[in-house]
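Below is one structure, written out as structure tokens, with a few remarks after it.
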Amino acid sequence: MSTGEPLSPCIAVCVLDPASGFCRGCFRTIGEIAHWASFASEEKRRVLAEVARRRQEKAHAAGG
């Protein structure tokens with residue numbers, strides 16, 4: 001895994017899904033989005049791992 005600063009997963013589709021509480025574009029919560037700039041690299045990596053899990057769950061739920 002890279003030791004550089006993790007990049008934001010934002011893809012400029014900024015709409016919060018009221019059912020899940022996640023952004024429909026990047027799959028982060030409003031708190032994760034708001035605090036991203038102040039998170040340490042380790043916390044950003046934790047959020048990115050959660051984002052990957054959320055995307056996978058969404059794909060499985062949608063049959064993909």
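The values are calculated or read from the model by the stated rules, or taken from the named source; none is laboratory data. Everything numeric here is computed off the predicted structure, so don't read it as measured data. Reconstructed Cβ throughout: ideal geometry from the backbone, glycine too, with neighbour counts over all protein chains shown. For the accessible areas, the whole protein counts, side chains as well, though only heavy atoms, and no ligand, DNA or RNA atoms are used. Shrake-Rupley method; radii C 1.70, N 1.55, O 1.52, S 1.80 Å.
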query: ³J(HN,Hα) across segment 4-12 via Karplus (A = 6.51, B = -1.76, C = 1.60, θ = phi - 60°), whole Hz, x for Gly/Pro?
result: x, 5, x, 8, 5, x, 4, 10, 6
- request: Compare the Cα positions of 6, 40, 60 along the charge dipole of the chain (+1 at Cβ of Lys, Arg; -1 at Cβ of Asp, Glu; about the Cα centre) and return the one farthest towards the positive end.
  value: 60
field: trypsin sites (Lys or Arg not before Pro) within the chain: DSSP coil, no more than 13 neighbouring Cβ in 10 Å
entry: 24
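Taking the Cα centre of the chain as origin, sum charge times position over the Cβ atoms of Lys and Arg (+1) and Asp and Glu (-1), and report the length of that vector in debye to the nearest 20. Intermediate results must be reported in sequence, preceding the final value.
Details: 9 positive and 7 negative charges, 35 e Å.
It comes to approximately 160 debye.
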query: Mind checking the angle between helix 41-61 and the chain's longest principal axis? C-alpha axes, 0 to 90 degrees, to the nearest 10.
result: 10 degrees
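With a probe of 1.4 Å, find how much accessible area the chain has per residue, and write the answer as a whole number in Å². All intermediate terms of the calculation are to be shown ahead of the outcome.
Values: 4340 Å² over 64 residues.
About 68 Å² of surface per residue is accessible.
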query: With every protein chain left in place, what is the accessible area of residue 3 in Å² (1.4 Å probe, nearest 10)?
result: 130 Å²
- request: Kindly provide the helix-only [θ] at 222 nm of the chain, computed as the sum of -39,500 (n - 2.57) over DSSP H runs of four or more divided by all residues, to the nearest 500 deg cm²/dmol?
  value: -13500 deg cm²/dmol
- line: Evaluated at 4 °C and 1.567 mPa s, the Stokes-Einstein D of the chain based on the Kirkwood radius over Cα pairs, in µm²/s, stands at 105 µm²/s
- prompt: residue 16's amide H: which non-local residues (gap 5+, or another chain) put their own amide H closer than 5 Å, with H modeled 1.01 Å from N in plane and none for Pro or chain starts?
  reply: 24
